[in-house]
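Participant: The structure is given below, and queries will be raised subsequently.
Where a number appears in this text, it was derived from the coordinates with a stated rule and is not lab data. No experiment lies behind these values; they were computed from the predicted model shown. Cβ: placed from backbone, ideal geometry, glycine included. Neighbour counts: every protein chain shown.
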Amino acid sequence: MLKGIQFARVHDWPFLATCGGFQYTLIECARNALGMNDATTAEEDPNAKNIVIYPVACAVPSGPKVHPSSPELSRNSSSSGFLPGWLLRERVVEEEYFCNFEVNPEFEWTAMEAGFPIVARGAGEECRAIESPAHQFFIATLFQPQLSSTAKKPHPLVMAFVQAAENWSRKKLDDSILA
């Protein structure tokens with residue numbers, strides 16, 4: 001997974017990561033863009049020195065669990081940054097995610113230092129999405145747009161990713177014809 005994220009980051013391929021993909025995007029950036037070889041999650045190594053991803057401070061259960069080991073449903077209210085503004089056209093959006101881990105605030109600087117500013121935050125100012133302004137389309141979110149997406153009404157972030165992939169594919173084809 002980390003190699004795939006690194007490939008997309010280095011070669012500027014359209015990239016959208018959600019939930020665990022968001023977490024591993026931050027770890028990949030910390031390890032490979034900043035040289036923090038021991039960057040990890042509390043889930044993977046709770047005694048590590050550089051825990052970039054740690055347990056959610058306050059998971060909000062959505063009701064009874066289907067299975068005792070199933071994750072809790074947390075709701076994310078994204079309230080700042082330009083991701084909602086340019087893509088969702090709303091200042092505050094409610095998005096769902098199934099996750100018990102989030103960005104350790106002590107390591108938020110790793111995303112920004114690697115060139116990925118935080119573009120969406122939760123109600124408690126927790127990092128909820130990063131984006132690379134240097135890439136064609138490189139977004140990682142803790143929330144899962146696929147949860148509210150339907151065939152008749154796809155989530156705007158999913159559609160933006162599909163459009164970016166189509167544009168990238170068309171450019172690659174045009175480049176190969178000109179070469």
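Participant: Consider the stretch 9-33. How many of its residues are surrounded by 20 or more Cβ atoms within 10 Å (Cβ to Cβ), part of a helix (DSSP H, G or I) and touching a residue at least 40 places away in the same chain (Cβ under 8 Å)?
Facilitator: Adding up the residues that qualify gives 7.
Participant: Do we have any residue at all in the stretch 166-173 that's hydroxyl-bearing (Ser, Thr, Tyr), more than 13 Å from the chain's Cα centre (by Cα) and under 30 Å from residue 37 (Cβ atoms)?
Facilitator: Checked the stretch 166-173: no residue is hydroxyl-bearing (Ser, Thr, Tyr), more than 13 Å from the chain's Cα centre (by Cα) and under 30 Å from residue 37 (Cβ atoms).
Participant: Another question, if that's okay. Every residue in the stretch 110-133 that is among the acidic types (Asp, Glu) and either within 13 Å of the chain's Cα centre (by Cα) or within 26 Å of residue 37 (Cβ to Cβ) (or both), please.
Facilitator: Correct list: 113, 126, 131.
Participant: Also, quick follow-up: Looking only at the stretch 100-154, which residues are in a loop (DSSP other than H, G, I, E, B), in contact with a Cys (Cβ under 7 Å, 6 or more places away or on another chain) and surrounded by 23 or more Cβ atoms within 10 Å (Cβ to Cβ)?
Facilitator: Result: 116, 142.
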